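K.L.:
First the structure, which I've put down as structure tokens, then a few questions once you've had a look.
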Amino acid sequence: MAAFFLFSLWASICHAQPLAEKVQEHVFPNGLRLLVVERHNAPTFSAYLTVGVGSVDETNGDRGLAHFLEHLRFKGTEILGTRNYAAEKPLLAAIEETGDALDNLRRRPNVDPKELAVLEDRLRDLQQKHRGFVVSDEASNIYARHGGVGYNAFTSKDLTSYIVSLPSNKLELWATVESDRMAHAVLREFYTERDVVLEERRRSYDSNPDGLLYEQLLATAFTVHPYRHPIIGWPSDISNLSPRQARDFMHRYYAPVNTVIALVGAVEFDEAVAVVERYFGHLSSGTPVPGVATREPPQKGERRVKVLFDAQPKLLVAFHKPTIPSRDDYVFDVVDQLLGQGRTSRLYQTLVVEKQLAAEVSTYGAPGSRYPNLFICELVPRHPHTVEEVEQALYQELDRLSREPVSAADLERVRNRLRVDQLRSLKSNSGLAGMLTYFQTVAGDWRYLSEYDRQVASVTAEDVMAVARKYFSSENRTVAILEAKGQQP
């Protein structure tokens, strides 16, 4: 039954034609890369526009900017989102001048409350006047009126993606909106949106025990690499972001040379090339995003951090590991499935079912994939058991993995699970478009998808043992514990 399901799923996705043969590719003179997969089973297509810029590309002066720009680039352009840009433009300049003055004043050690109040009132008045020019969510509403669904964006450590699915006859509409946003985005409502991001940070991290624990884990596991910083930025980072910084960052990097577009669905390749050429081909290449020169030094001993919060205890244990395209990264995908994915996984069967030490277990790779990352084990103790008991039980399972060969049956089950998961993600137009742009960005080549199954199929029990012995050591380990307030010694 499993074999029949795999064959049926793959046939339904690719009609028995290898993925590498279905992806058509075109690179324009300005560096923009277009990937197209024609699927004419329904009159719709999904579009992913992915820019290879994420929080890992920020510096000390602009942390949180990639995520903030994701918000701001929904505010429109010189055409969209405004009732009269010519009249709006000088007002935007006045808002920026006043906002900059207010930020500079707040940085002073001794602030005159009266001077502060004057600037706050002036900024508030200017923002109130500016609202009369703003047409909120205009691009979103245009897409919705023309049958668009799933209009959204997300920012990660490694990249930023803008996505939407539309009827097949709306390709030119998509190109019109997205090329305009790339060339003429206006970062309006900057200071009000900055407050929105600060509130998002308070909600997702400062007052969220899970977010706070994860944030502290990364800040402890990475000492110099920018993966240590939260995507949203630290509070002081967000509060000091300026419109000039945002514009400079956007104009430098949100450009064709750093962009890959995937169109999947009822689109013709030749037409797609012509439309993208017409709307994006004249845009300036921009500046290639430089690679991160900083390298995290090898860890020389266990690191531990404790977060006190009025919440259920939790344990995160992280180990440094290589990333794509290292052979060990493929092995870690097998280890991940074997240890922590689903009710048949080892951690679930041993810690949850048999010993009843844990209420929840999971494993995953994080926080990004462009640079060496972490393999993370997440466990929630089951009352009345303690974090310490769960931690020791976890280490026993990791040690077992390094000593006992995985059975052939377990390896085959894991390989099938990975294959099914990949095929399911490729089944939808949006899923395939997302994976194409993701791997083109983080691996440098979308063909990683075509090689994945072959690589995973060649992973042996000896590979799994070798990886466990190499990476699951105490000196390569970072432990983060969430402990309820009042229960610490």
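The values are calculated or read from the model by the stated rules, or taken from the named source; none is laboratory data. Note that the structure is a prediction, hence the values are computed from the model and not measured. Virtual Cβ from ideal backbone geometry, glycine too; neighbours counted across all protein chains shown. Just so you know, the surface numbers come from the protein's heavy atoms only, side chains and all, with ligands and any DNA or RNA stripped out. Shrake-Rupley method; radii C 1.70, N 1.55, O 1.52, S 1.80 Å.
K.L.:
Considering only protein heavy atoms, with the full assembly of protein chains and a 1.4 angstrom probe, order His146, His383, His130 by accessible area, largest first.
P.N.:
So, going from the largest accessible area down, we get His383, His146, His130.
K.L.:
Return the long-range amide H neighbours of Phe154 (sequence gap of 5 or more, or a different chain), with a cut-off of under 5 Å between placed amide H atoms.
P.N.:
Residues meeting the amide H criterion: Ser161.
K.L.:
Give the accessible area for Arg106 in Å² (nearest 10); use a 1.4 Å probe, count only protein heavy atoms, and leave out ligands, DNA and RNA.
P.N.:
In the full protein context, Arg106 sits at about 120 Å².
K.L.:
Given the -39500 (n - 2.57) contribution per DSSP H run of 4+ residues, what per-residue ellipticity at 222 nm results for the chain, rounded to the nearest 500 deg cm²/dmol?
P.N.:
-14500 deg cm²/dmol
K.L.:
Something else now. So how far, in whole Å, is the C-alpha centre of the stretch 91-160 from the one of the stretch 336-352?
P.N.:
Spelled out, the Cα-based centre of one part sits 46 Å from the other.
K.L.:
When all alpha-carbon pairs of the stretch 111-157 are counted, what percent fall beyond 14 Å?
P.N.:
70 percent
K.L.:
Here's a follow-up. Can you give the percent of C-alpha pairs in the stretch 200-247 whose distance is more than 13 Å?
P.N.:
Considering the stretch 200-247, 60 percent of its Cα-Cα pairs are separated by more than 13 Å.
K.L.:
Continuing with the same structure: Stretch Glu38-Asn84 to full length: gain in nm at 0.36 nm per residue minus the Cα-Cα span?
P.N.:
Working: separation 46, 0.36 × 46 = 16.56 nm, distance 3.98 nm.
Result: 12.6 nm gained on full extension.
K.L.:
Please give the FRET efficiency for Thr223 paired with Ser473, using the beta carbon to beta carbon distance and R0 = 25 Å, rounded to the nearest 0.05.
P.N.:
Calculated value: 0.90.
K.L.:
Something else now. Rolling a 1.4 angstrom probe over the protein heavy atoms, how many square angstrom per residue are accessible across the stretch 371-461?
P.N.:
42 Å²
K.L.:
Taking only the C-alpha atoms, wrap a convex hull around the stretch 158-242 and report its volume per residue in Å³ as a whole number.
P.N.:
153 Å³
K.L.:
Follow-up question, since we're still on this one. For Asn208 and Ser236, what does the FRET efficiency come to when R0 = 22 Å and r is the distance between their Cβ atoms, rounded to the nearest 0.05?
P.N.:
0.70
K.L.:
Give me the dipole magnitude in Debye, nearest 20, for the chain about the Cα centre, with unit charges on the beta carbon: positive for Lys and Arg, negative for Asp and Glu.
P.N.:
Its charge dipole is roughly 300 debye.
K.L.:
For Asn110 paired with Arg403, estimate the spin-label separation in nm (one decimal), with each label point 7 Å from Cα along the Cα-to-Cβ line.
P.N.:
Computed distance between label sites Asn110 and Arg403 equals 6.8 nm.
K.L.:
Additional query: Roughly speaking, what % of Cα-Cα pairs in the stretch 209-297 are separated by over 15 Å, rounded to a whole number?
P.N.:
Roughly 75 percent, once rounded to a whole number.
K.L.:
Same structure again: Quick one, can you get me the convex hull of the C-alpha atoms of the stretch 323-428 expressed as volume per residue in Å³?
P.N.:
It comes to 125 Å³ per residue, whole-number rounded.
K.L.:
Okay, next question. Dimensions of the stretch 25-148 along principal axes (Cα, Å, largest first)?
P.N.:
66, 36, 25
K.L.:
Heavy-atom accessible area per residue, the stretch 186-300, 1.4 Å probe: how many Å²?
P.N.:
Computed with neighbouring chains in place, this is 42 Å² per residue.
K.L.:
To one decimal place, what orientation-averaged projected area in nm² is obtained for the convex hull of the Cα set of the stretch 395-489?
P.N.:
Averaged projected area of the stretch 395-489's Cα convex hull equals 9.9 nm².
K.L.:
Carbon-plus-sulfur fraction of the accessible area of the chain, 1.4 Å probe, in percent?
P.N.:
Roughly 52 percent, rounded to a whole number.
K.L.:
Please give the Cα centre distance for the stretch 279-297 versus the stretch 19-66, rounded to the nearest Å.
P.N.:
Between the Cα centre of the stretch 279-297 and that of the stretch 19-66, the gap is 13 Å.
K.L.:
If you average over every viewing direction, what projected area does the convex hull of the Cα atoms of the stretch 17-82 give, in nm²?
P.N.:
Orientation-averaged projected area of the Cα hull: 8.0 nm².
K.L.:
Out of these labelled values of mean projected area of the Cα convex hull in nm², [x] 30.8; [y] 26.1; [z] 21.1, which was calculated from the coordinates shown here?
P.N.:
Matching entry in [x] 30.8; [y] 26.1; [z] 21.1: [y].
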